[in-house]
Structures are given as C-alpha cells and as structure tokens.
Amino acid sequence: QVQLVESGGGLVQAGGSLRLSCAASTRTFSSYAMGWFRQAPGKEREFVAGINWSGDNTNYAGSVKGRFTIFRDNAKNTVFLEMNSLKPEDTAVYYCAADPNRYGREEDDFASWGQGTQVTVPS
C-alpha cells in the first residue's frame, strides 16, 4: 500500500474555490489510478472524481461535474482536486485514494486511503 497525505481543505464561502492536494509516498506513482471521495456528516462516503494512471482519462460524480477538476502531476507524486463554485452541500471530509490495479468509482476499487481533509462551505 502507498501512504497518502491530503492537504488544502478549509472553510470557504459559497461560490468560492479550493484546491486539494494529495501527496503519495511511492516511486511508482504513475502506475496508480487515483480517486477523491467525500463523506458528509451522517452520510455514506461517496465517489467524487477519479483519474487514470497517465492522467488522460477522468470521471466525475454527477453532482460535481463541471465544477470540480481532478488532475495529477506524476513528477511530484501528487493528485489535485480543483473545486470551483462550491456549495454548502459540498461540505464533507475529502479523502484521497489510490490503487495500482483498478480504475473505478467504488471504494472497493481503491486499496490505499488518506486520512482526509475537511472542507466546509457555510450556508
């Protein structure tokens, strides 16, 4: 498994933007598919966005498509989630996930997880 450390969370007003980062401790980062999930209070953890090994294929949850962008810098072992037009319903703990074998949208598709970073968008 690979160690993942998220950063960039915080409090932002509705309509604002944040960029989350996830640094991976592996020399083979470019062979990992990466994903972002989130968990709001009292709710199940849900898929937000995913990106394949090379970065040329991405997929998004319908609720964030057009507002969020996932991208990666394989030279820096880092994946990012650019979040624009934030809404109160985006409030959640955001988790980074990685897997060397699968590229999916389910929690079971990812073997390694970070500790999460809190994003709060007040209503």
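Please give the number of the condition Asp109 fails out of (1) open to solvent by 40 Å² or more (accessible area, probe 1.4 Å); (2) among the acidic types (Asp, Glu); (3) in contact (Cβ under 8 Å) with a residue 60 or more places away in the chain. So the condition that Asp109 fails would be (1).
For segment 15-27, a tally of residues being under 15 Å from Phe68 (Cβ atoms) and either within 12 Å of the chain's Cα centre (by Cα) or not hydroxyl-bearing (Ser, Thr, Tyr) (or both) returns 7. Taken across segment 33-43, residues that are farther than 18 Å from Ala98 by Cα and surrounded by 13 or more Cβ atoms within 10 Å (Cβ to Cβ) do occur, with at least one present. Exactly one residue out of Ser54, Ser31 is out of contact with any helix residue (DSSP H, G or I) (no Cβ under 8 Å at 6 or more places or on another chain) and on the phi < 0 side of the Ramachandran plot, and it is Ser31. Taking the listed residues Phe71, Phe80, the one that is surrounded by fewer than 19 Cβ atoms within 10 Å (Cβ to Cβ) and either part of a strand (DSSP E or B) or among the β-branched types (Val, Ile, Thr) (or both) is Phe71, with no other qualifying. Set side by side, the residues Asp73, Asp90, Asp56, Asp109 differ, and just one is acidic (Asp, Glu) and closer than 18 Å to Val5 by Cβ, which is Asp73.
The values are calculated or read from the model by the stated rules, or taken from the named source; none is laboratory data. These numbers were taken from a predicted model, which means no experiment stands behind them. A quick note on method: Cβ atoms are made from the backbone with ideal geometry, for glycine too, and the neighbour counts reach across all protein chains shown. Surface areas here come from the heavy atoms of the whole protein model, side chains and all, with no ligands, DNA or RNA. Shrake-Rupley method; radii C 1.70, N 1.55, O 1.52, S 1.80 Å.
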